[in-house]
Amino acid sequence: MTVSITEIDKHIENHSRFNMSFDQSLEFRFIEETQESRRRVLFNMGLLSLMFYMSFLLNDYNYRSEDFDVAVIIRFCVVMPLALICLCLLKTKRIRKHQELMMALLITLTMLSSAVLTGLSKSHAVHIDLFALGLISMVGNILYQLRFQYAVLSSFINSVIMIYMLITFPTPDQSTLFMIVMIFTAITVSSLIANYRVEKAERLSYLLSKRQNLSLLKKNAQYQEYRSLATKDHLTGVYNRRYFDELHSRINKGVDKRFRTYGVIMLDIDHFKSFNDLYGHPAGDVCLSRVGEALMSCVRDGDVVARYGGEEFVVVIPGFNLSQTAERAEKIRNSILALEIPHQSNKGKYFVTASFGVASHCEDYGETLEDAVKRADLALYEAKHGGRNQVQINCSPRGNVVNNIRENRESRIKV
């Protein structure tokens, strides 16, 4: 499910409002994409808070030594095993969708165990523990950074437990009770505000990051579109001459390592001028388009098909030797013939056909792509004058090399 930049901008504009939830689709993506980072935070902070919680055994030993055995049972035998189970579930990723709720319930369990411990205590200074109970809500809201809705839920339940404890357990005087209430309320409310601001900032950062990524994707798509327009022939869908010239430069410089060996096919639609004269240029455009489709259906993804000019095409096939290239040319020839495009001026066939010249790159003679194309073009010339609708092969560049040496020698003599 994709999200548009417009939707992202809408959420960024409305980010200053109190409601920080996104639309359903974006909210789902936000939860899914941040779930793993949230899992790591909850696990690490859960482990740290468990260590803090168990360290309060020192407080139990110093201030209520007569109830130390009860504190050990509650902390070691009740809270710690349940906390370790939650952390193991987080580590194994078995409860990813409900990890926030699980950690919120763990905070509530810690508050409840503290209430039980306070209720069972026989110490005269038990009311001192009530001052520290606000720390439990602060752990969930700030240390765990629970999602705001779960932070509110756990803070509300903790407040209910706290009210019950204040009603049930006696305190020395009203001023102490008032101080306990003020401290607990201040810690709970301030930690909720901090939790809200942290999640708000996280969501804004997510929106800005998502917008930047979408903008980059859009620019990349536009670049690919412009590049396609610049390198593709709009009529046939194959590459244009400009792209082929760039390929020629890359191959000769050794930039594209796929083209260490390759085969070249030159093909020309037979009697195409008479086809245009007989059926008109719109029909000629349709013919070229269908021939382009036939060509693309016969090549691999890494092969290069380009419109060389007019009704002439060139195919460069990396990794093919001469016989493989000739077989591919024959396949293309049959594919064009199978189109059965009517052509009354093409005597003997009465369908559109094409003639083919084939050559393969000979590295031993220091050939360039331009040399291989010239040899394939010579073979195409032979196919044209040999009756058309056929594949001719130029086997070796040796004759061309001898001719080049002879021409260079003659030019030096003239000089």
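The values are calculated or read from the model by the stated rules, or taken from the named source; none is laboratory data. Quick caveat, the model's predicted, so the values are computed rather than measured. Cβ coordinates were reconstructed from backbone atoms using ideal geometry, including for glycine residues, and neighbour counts include every protein chain displayed. Each accessible area value is taken on the protein alone, full model and side chains, heavy atoms only, with ligands, DNA and RNA left out. Shrake-Rupley method; radii C 1.70, N 1.55, O 1.52, S 1.80 Å.
Assess whether residue 253 counts as being open to solvent by 70 Å² or more (accessible area, probe 1.4 Å), within 15 Å of residue 346 (Cβ to Cβ) and not hydrophobic (A, V, I, L, M, F, W, C). Taking the combined requirement at face value, the residue does not satisfy it.
For segment 64-81, what are the residues that are surrounded by 15 or more Cβ atoms within 10 Å (Cβ to Cβ), assigned to a helix (DSSP H, G or I) and out of contact with any Phe, Trp or Tyr (no Cβ under 9 Å at 6 or more places or on another chain)? Passing the criteria: 67, 70, 74, 78. Residues in segment 136-164 that are closer than 18 Å to residue 53 by Cβ and over 44 Å from the mean Cα position of the chain (by Cα): 161, 162. Candidates 145, 99: the one that is in contact (Cβ under 8 Å) with a residue 12 or more places away in the chain and not in a helix (DSSP H, G or I) is 145. Residues in segment 230-248 that are assigned to a loop (DSSP other than H, G, I, E, B) and open to solvent by 70 Å² or more (accessible area, probe 1.4 Å): how many? Number of matching residues: 1.
Residues are listed down the side, and each one gets a yes or a no for (1) of a type outside the set (Val, Ile, Thr); (2) more than 38 Å from the chain's Cα centre (by Cα); (3) open to solvent by less than 40 Å² (accessible area, probe 1.4 Å); (4) within 24 Å of residue 255 (Cα to Cα):
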residue: 306; (1), (2), (3), (4): yes, no, yes, yes
residue: 309; (1), (2), (3), (4): yes, yes, yes, no
residue: 316; (1), (2), (3), (4): no, no, yes, yes
residue: 320; (1), (2), (3), (4): yes, no, yes, yes
residue: 331; (1), (2), (3), (4): yes, no, no, no
residue: 343; (1), (2), (3), (4): yes, yes, yes, no
residue: 349; (1), (2), (3), (4): yes, yes, no, no
residue: 357; (1), (2), (3), (4): yes, yes, yes, no
residue: 368; (1), (2), (3), (4): no, yes, no, yes
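Filtered by the rule that a residue be farther than 29 Å from residue 82 by Cβ, part of a helix (DSSP H, G or I) and free of Cβ contacts under 8 Å to residues at least 24 places away in the same chain, segment 19-49 gives 24, 26, 27. Selection over segment 83-96 of residues that are surrounded by 15 or more Cβ atoms within 10 Å (Cβ to Cβ) and farther than 20 Å from residue 35 by Cβ gives a count of 1. The residue that is nearest to residue 141 (Cα to Cα), among those in segment 175-229 that are among the basic types (Lys, Arg) and surrounded by 15 or more Cβ atoms within 10 Å (Cβ to Cβ), is 200.
Consider segment 13-29 and keep the residues that are open to solvent by 50 Å² or more (accessible area, probe 1.4 Å) and of a type in the set (A, V, I, L, M, F, W, C). The one that is modelled with the lowest pLDDT is 18.
Scanning segment 104-120 for any residue that is outside any helix (DSSP H, G or I) and open to solvent by 10 Å² or more (accessible area, probe 1.4 Å) turns up nothing. Contact map, segment 317-333: first residue free of Cβ contacts under 8 Å to residues at least 24 places away in the same chain, second residue surrounded by 14 or more Cβ atoms within 10 Å (Cβ to Cβ) and assigned to a helix (DSSP H, G or I), Cβ cut-off under 9 Å, separation 6 or more or different chains; the map is empty. All of (1) within 26 Å of residue 18 (Cα to Cα); (2) free of Cβ contacts under 8 Å to residues at least 24 places away in the same chain; (3) of a type outside the set (A, V, I, L, M, F, W, C) hold for residue 195 with one exception: (2). One residue alone among 201, 186, 194, 221 is within 15 Å of residue 4 (Cβ to Cβ) and small (Gly, Ala, Ser), and that residue is 221.
Restricting 99, 145, 149 to those that are under 28 Å from residue 198 (Cβ atoms), out of contact with any Ser or Thr (no Cβ under 8 Å at 6 or more places or on another chain) and open to solvent by less than 50 Å² (accessible area, probe 1.4 Å) reduces the list to 99. Applying the set (1) loosely packed, with under 14 Cβ neighbours inside 10 Å; (2) part of a helix (DSSP H, G or I) to residue 170 leaves exactly one unmet item: (2). For residue 165, are the conditions met, namely being closer than 18 Å to residue 128 by Cβ, in contact (Cβ under 8 Å) with a residue 12 or more places away in the chain and open to solvent by less than 30 Å² (accessible area, probe 1.4 Å)? Criteria met by residue 165. Considering (1) over 22 Å from residue 378 (Cβ atoms); (2) out of contact with any Gly (no Cβ under 8 Å at 6 or more places or on another chain), the lone condition that residue 263 does not fulfil carries the number (1). Is it the case that segment 257-264 has a residue that's surrounded by fewer than 17 Cβ atoms within 10 Å (Cβ to Cβ) and modelled with pLDDT of 85 or more? Yes, segment 257-264 has at least one match.
Note on segment 121-142: residues that are assigned to a helix (DSSP H, G or I) and open to solvent by 20 Å² or more (accessible area, probe 1.4 Å) total 11.
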